[in-house]
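Below is one structure; the comments refer to it alone.
The values are calculated or read from the model by the stated rules, or taken from the named source; none is laboratory data. Since this is a predicted model, take the numbers as computed values, not measurements. So basically every Cβ, Gly included, is an ideal-geometry build from the backbone, and we count neighbours across all protein chains shown. For accessibility, only protein heavy atoms count, side chains too; no ligands or nucleic acids. Shrake-Rupley method; radii C 1.70, N 1.55, O 1.52, S 1.80 Å.
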Amino acid sequence: MGSSDFSWKLADHPKLPKGKTVAVVVLDGWGEANPDEYNCIHTAKTPTMDSLKTGAPEKWRLVRAHGTAVGLPTEDDMGNSEVGHNALGAGRIFAQGAKLVDLALASGKIYEGEGFQYIKESFDKGTLHLIGLLSDGGVHSRLDQLQLLLKGATEHGAKRIRVHFLTDGRDVLDGSSVGFVETLENDLANLREKGIDAQIASGGGRMYVTMDRYENDWDVVKRGWYAQVLGEAPHKFQNAVEAVKELRKEPKANDQYLPPFVIVDESGEAVGPIVDGDAVVTFNFRADRMVMLAKALEYENFDKFDRIRFPKIRYAGMLQYDGELKLPSHYLVSPPEIERTSGQYLVKNGIRTFACSETVKFGHVTFFWNGNRSGYFDSTKEEYVEIPSDVGITFNVQPKMKALEIAEKARDAILSGKFDQVRVNIPNGDMVGHTGDIEATTVACEAADVAVKMILDAIEQVGGIYVVTADHGNAEDMVKRNKSGKPLLDKEGKIQVLTSHTLQPVPIAIGGPGLSPGARFRSDVPSGGLANVAATVINFHGFQAPADYETTLIEVVDK
């Protein structure tokens, strides 16, 4: 819909004043679950968040942050930061990654599209390479989608296929990689029986090979490049199942951090390096951890590491991973078209906006919040600040991350009087939660709570309003559980640590001296989700949201 089809002018809210500074705080990975020793939000000292929950019951509630509430196919699909921030910023629910791919595969439209037709031109003489996360976690990719793509590609002319997989252990249980590789090997064996030359070519753990994000550590992508493109890695095997089993025997080995390996033939030659004339598909549907590889595969002018060799290939992503950069330029499934986001509306209505996080989540309060769009809507009214994340360490080593620095920037922006909205993402609960380190995650939650207090204190000083919420769960449940909710144990009797996001709802709290005395959460939106937050925030700026937005969570009653 073009801007000529509607008015950018928001209607004034009849009961809420304009002109109050509004702080929007997103606690990444901060869900709500039963209190026990594996709930790091419960075990952490979090007096600020505790006071929001218990201080004013009519100003604290839960919202849904997974499944259909954020555009994912089923209620078994855990939320993630990308779809969560899309929903928070857009105010509407859009079919997302996995669902878009499911629809395209089910209808067969994926094979009719420009992207597939483009890579198909390499099928006669070249190899089709498929690179991505081998897992059924449903956050970045899904095994069943890879299986359908393998089947469909061969039915549409692919004669030679090489799979370069990345083991998960983050969105699924550590150790599950072996089963996934066995399934893939079985599928490829079936294709070979039909005369297709289909093999696994390389592998490695997602956090050590290929899947870095936000240009945090290019060495991760470089390790993948050497294995996938050059056919070079420190470990060589003739069988992928054997490779994963052997590498997992190393002390402290886990699926997330398996070193890169290549599959070689009997003479020791790599069976599947990427060469001129080949086609490459990165089959992850989630964008953030594919953008860096996409740049390496697509950009002729590239200086992040020495690629040694830059093959002339036909490359397509499962989706386009960055709409602003048009990266990659070819893709199999079109992304959701998210227009008229709340941020765009508010800027058009004069709301001056400040957004800040550290590198690992900076894109979430900017790019994803703004509907998968880079840059400013109006640089005279917006300022985005990125604080560099720690590099070269896992996040449990410095679990406080940059929470206090983010809070200081937000505080200063609030007190400056230059902004009407100050929004931040505090990443600790998610990024440290993903390491599975329960002690460090507790420290991370405490740091996040201190950061929230700093921001709320600043809002108090300027007579403003705050909205504190989250994008999905993680830190609130750090253990895998059986159907009755009891922790699962491994063969040695130790708990099976949960490193993934969860299906839990997340809190939202409102308050501040600028809040109208009669403002409270409505009781008639019981199944509200993250998409309802946008209309709520628009209300706090003194406006009513567009009619097609998910309804606001608040009402104003006469006191």
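What the table below lists for this structure:
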item: Euclidean distance of C-alpha centroids, segment 24-99 and segment 300-338, integer Å; result: 31
item: The chain, helix-only ellipticity at 222 nm - DSSP H runs n ≥ 4, -39,500 (n - 2.57), divided by all residues, nearest 500; result: -8500 deg cm²/dmol
item: Rg/Rh for segment 98-317, where both radii come from Cα atoms and Rh is the Kirkwood radius; result: 0.93
item: For segment 98-317: accessible area per residue (Å², 1.4 Å); result: 39
item: GluC sites (Glu not before Pro) within segment 89-156, DSSP loop, no more than 14 other Cβ atoms inside 10 Å; result: 112, 121
item: Label-reachable residues, segment 478-493, where backbone N falls under 16 Å from a point 7 Å from residue 178's Cα toward its Cβ; result: 490-493
item: Largest-first ordering by accessible area, 1.4 Å probe, given options 550, 193; result: 193, 550
item: Computed label-point distance, nm, for sites residue 76 and residue 56 using a 7 Å Cα→Cβ extension; result: 4.2
item: If the convex hull is drawn through the Cα atoms of segment 44-98, its volume per residue in Å³; result: 115
item: Qualifying trypsin sites (Lys or Arg not before Pro) for segment 438-489 [loop in DSSP, other Cβ within 10 Å: at most 16]; result: 483
item: Lys pairs under 16 Å by Cα in segment 166-324, provided they are eight or more residues apart or on distinct chains; result: 6
item: Crossing angle, helix 403-416 versus the chain [Cα axis fit, 0-90 degrees, rounded to tens]; result: 40
item: The chain - percent relative contact order, Cα under 8 Å, separation 6 or more; result: 27
item: Share antiparallel - DSSP beta bridges, the chain, percent rounded to 5; result: 25
item: Accessible-area ranking of 494, 59, largest first, probe 1.4 Å; result: 494, 59
item: Portion, in percent, of the accessible area of the chain that falls on carbon or sulfur, probe 1.4 Å; result: 48
item: Shape of segment 297-386, Cα gyration tensor, a/c cut at 1.5; result: prolate
item: Cα-Cα P(r), the chain, percent of pairs per 20 Å interval; result: 22, 53, 23, 2, 0
item: Residue among 264, 203, 214 farthest towards the positive dipole end of segment 98-317, charges placed on Cβ; result: 214
item: C-alpha center-to-center spacing [segment 514-538, segment 349-390] in angstrom; result: 23
item: Set of lysines near residue 45 by C-alpha distance (under 17 Å), chain-local residues within fewer than 8 positions excluded; result: 53, 400, 453
item: Whole-number percent relative contact order across segment 98-317, with pairs defined as alpha carbons under 8 Å at least 6 apart; result: 25
item: With Cα atoms, 0 to 90° folded angle of helix 143-155 axis to the chain main axis; result: 50
item: Stretchable slack from residue 418 to residue 491, in nm (0.36 nm times residue separation minus alpha-carbon distance); result: 20.5 nm
item: Largest-first ordering by accessible area, 1.4 Å probe, given options 302, 116; result: 302, 116
item: Taking only Cα atoms of segment 206-273, radius of gyration then Dmax in Å; result: 12.3, 39
item: Heavy-atom surface of segment 419-543, accessible at 1.4 Å and reported per residue (Å²); result: 32
item: Proximal aspartates and glutamates to residue 418, defined as alpha-carbon separation beneath 14 angstrom and excluding residues fewer than eight positions away on the same chain; result: 382, 383
item: Qualifying lysines (Cα of each under 17 Å from Cα of residue 486; at least 8 residues distant if same chain); result: 494
item: Accessible surface, per residue, of segment 1-77 when the full set of protein chains is kept, probe 1.4 Å, Å²; result: 49
item: Helix 97-107 axis, angle to the chain major axis (alpha carbon atoms, nearest 10°); result: 50
item: Alpha carbon centroid spacing (whole Å) that separates segment 120-191 from segment 209-259; result: 16
